[in-house]
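Accompanying notes for the structure given below.
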Amino acid sequence: MPKLTMAQAINNALAVELEHDSRVLVFGEDVGKNGGVFRVTEGLQERFGEKRVFDTPLAESSIVGSAVGMAINGLRPIAEIQFLPFALVSFNQTVTQAARMRYRSGGVYTVPMVIRTPFGGGVRPPEMHSDSFEAMFAHAQGLKVVAPSNPYDAKGLLHAAVDDPDPVLFLEHMKLYRSLRQEVPAERYTVPLGRAATVRPGRDVSVFAYGAMVQLALDAAAQVEKESGISAEVVDLRTLAPLDEAAIAASVDKTGRAVVVHEAPRAGGLAAEVIAVINEHSLYSLLAPVERVTSPDTAFPVPKLEDIILPNVARVKAAIRRTLEE
Amino acid sequence: MSLIADDTLYQVLSPTGEVVGSVPAIAPAGHLNLYRWMVFGRVFSDRMTALQRQGRMGTFAEVKGQEAACVGLAARLTEEDWLMGSYRESLAYMVKGVPLAAQLKHWGGYIPDNYPFEARCLPFQIVLATQVLHAVGIAHAIKYKGEPHVAVVGIGDGATSEGDFNEALNAAAVFELPVIFVVQNNGWAISVPRHAQTRVDSFVRRAAGFAVPGLRVDGNDILAMIGAMDTALDRARSGGGPTLIEAETYRMGAHTTADDPTRYRPPEDLELWGRRDPIIRYRKFLMDRQLLTDLEDEQLQDDVTAEFEAAVAEFEALPPQDVAQHFDLILGNPPPQLARQKAQILNEQ
Ligand SMILES: Cc1ncc(C[n+]2csc(CCOP(=O)(O)OP(=O)(O)O)c2C)c(N)n1
Ligand SMILES: [Mg+2]
């Protein structure tokens, strides 16, 4: 089996979709000849032609709004927004239109479409390129939000997103595009939406994370085990909306302690929702207050501040240890 | 067509009903059908407003004065063509095949679950101008599939200031899509007059800036609307790309039943546009051509009123809105947490 980066795994998934389903179109800014600014769509236009893979005018609302129309009229659009902050330009089409058409039409018209977009920090991009606005989208009803943490899941989740009968926002963490390689099957397979994965089993504390923060959580878990014999379980949320509440509860019921990690700022972030889920299902299993490791409630850090501001292994380790203090 | 904007007003019938242009080919039964829809539109608008005043209907947006534009933009479409618009296109939707029962449910505060797929009309839009991009996407799919169909989209003069309208014109031109933009310029966006919306003196000129050919049409002249739509539909079906039609009309009623136009509208406007009434003008044409008699006209009024009242009786006999639907329609495969929330609300019933 070939070892692929996440960028290659997504490219492969897109090629498989274009190959097996003529309803699939891939489009966005610079996705054609240039293969996308992260080269995720590299070679696809050459292989499948300009009718299937094409550049759009530089207009995000137009990209998402016309994808809504395409989906209603029988296609399976996969739209790319160049960077997540620019998805706010198409926020209205995503939230009030794509996500609401099924409800508003009594189920007569549906919008099976995927919006792919890079997000997250740590790669020193210009400002306003890495803001983590995922919670804003996760709060929309009728929209699914997915954020893979590795190449294998990225491919399987993307296929599942294309199969899904409703719009899916597919968040690709920029730091993961090329930072790790994994064996990825060449054939089509799906990783189910709405299901978290226990990526490291443990007994003492549950660490919940998604995207690039999963790797951070795994590193922290390995270190606290080595240093102090703490057995930390790491749960990769994978789908941010709807959350896998059963998996969150099952893990906390087992460990009695929890840490939630995300790069996005704290207030109103997804950690708040995970903690609310813990309260609703597992409050009496808790042995310690739940910890959050997040960015602070200020702007997403400029490149010169990323290392200071963004969550790091030391902070996750400290949070884990705090949950175990007597 | 030249992309140099030609804003000459296209007219077939003068406001007093004289023929001043070439009459499009329409069979006698076709004429009567158009007229019937316009009369129905007036009855629909007046009766819905009255029902709202009696507390029997939700907030309603009047069609009064815009019957020719609404009927004209929809009348020549086939079943496979698509139509989307705002609340102001309710009459156009019914011409396209959305039953009155669906409009009553939508305006009446139910989930509008009875728009038939075959009508190919998206639930009328509330977040203005978003529908214009949906039309572009639908047209993109039509072109991709190689179908001879067209997407038609209605929008008000005010909503043309939204980004989505401008993005849509641009994308339609770039991809040469079979889409027709119909701007119902009714003079007002709630209380904001047309001239405060843009300094461009006609929307046809706006379209020219995107390389989209345009036609400026007397929107109170049903025959001009039909002629313009025929031109635009031919262009779209033969691969000629998008067209913008500016239908110059006037909102004779309030913006909605929640609006009081006496706060901002000069009364002389109503007098002026009353003399340009689309129904009076077409009736004169039909009578001049012996296609309609006074007696038939009276009968028609009674028929459409009876049709409306029968539908209202059915609407008022509807069971209450199904609560479960509220949970079942948001996602194709709702998550377990939504099932729990549903059970909780249903248990309280
Ligand atoms: C995006 C958006 N902004 C504001 C409103 C509130 N609003 C409803 S109708 C309206 C005026 C619309 O005017 P126009 O586009 O000319 O259409 P008309 O009502 O005259 O048919 C406004 C401001 C809305 N529905 N959607
Ligand atoms: Mg208006």
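The values are calculated or read from the model by the stated rules, or taken from the named source; none is laboratory data. The model shown is predicted, which means the values in this text are computed figures rather than measured ones. A quick note on method: Cβ atoms are made from the backbone with ideal geometry, for glycine too, and the neighbour counts reach across all protein chains shown. All accessible areas refer to the heavy atoms of the entire protein, side chains included, with ligands and DNA or RNA removed. Shrake-Rupley method; radii C 1.70, N 1.55, O 1.52, S 1.80 Å.
Quick notes
- Per-region count, region B:293-337, residues within 13 Å of chain A (Cβ to nearest Cβ), open to solvent by 30 Å² or more (accessible area, probe 1.4 Å) and part of a helix (DSSP H, G or I): 4
- Filtered residue count, region A:101-112, keeping only those that are open to solvent by less than 10 Å² (accessible area, probe 1.4 Å) and facing chain B (nearest Cβ under 7 Å): 2
- Restricting region B:165-190 to residues that are under 20 Å from the mean Cα position of the chain (by Cα) and open to solvent by 20 Å² or more (accessible area, probe 1.4 Å), the residue that is farthest from ligand 2 (Cβ to nearest atom): B:166
- The listed residue being farther than 24 Å from residue A:297 by Cα, assigned to a helix (DSSP H, G or I) and open to solvent by 10 Å² or more (accessible area, probe 1.4 Å), out of A:158, A:193, A:218: A:218
- Figure legend. Inter-residue proximity from region B:168-196: first residues more than 24 Å from residue B:78 (Cβ to Cβ) and assigned to a helix (DSSP H, G or I), second residues within 12 Å of ligand 2 (Cβ to nearest atom) and open to solvent by less than 10 Å² (accessible area, probe 1.4 Å), beta-carbon distance below 6 Å, spacing 6+ or different chains. Indicated pairs: B:194/B:157.
- Residues that are open to solvent by 10 Å² or more (accessible area, probe 1.4 Å) and more than 23 Å from residue B:134 (Cα to Cα) number at least 2 in the following helices (runs of 4 or more DSSP H) confined to region A:1-100: A:6-20, A:44-48.
- Only residues that are at the interface with chain B (Cβ under 9 Å from one of its Cβ atoms) and either of a type in the set (Phe, Trp, Tyr) or in contact with a Leu (Cβ under 7 Å, 6 or more places away or on another chain) (or both) were counted in region A:53-67, giving 5.
- For region B:109-127, residues that are within 16 Å of ligand 1 (Cβ to nearest atom) and either crowded, with 20+ Cβ neighbours inside 10 Å or over 17 Å from the mean Cα position of the chain (by Cα) (or both) total 4.
- Filtered residues of region A:300-326 (kept if free of Cβ contacts under 8 Å to residues at least 24 places away in the same chain, assigned to a loop (DSSP other than H, G, I, E, B) and hydrophobic (A, V, I, L, M, F, W, C)): none
- Number of residues in region B:222-279 that are basic (Lys, Arg) and either open to solvent by less than 50 Å² (accessible area, probe 1.4 Å) or touching a strand residue (DSSP E or B) at 6+ places or on another chain (Cβ under 8 Å) (or both) equals 3.
- Among residues of region B:120-141, those that are assigned to a helix (DSSP H, G or I) and either at the interface with chain A (Cβ under 7 Å from one of its Cβ atoms) or free of Cβ contacts under 8 Å to residues at least 40 places away in the same chain (or both), counted: 9
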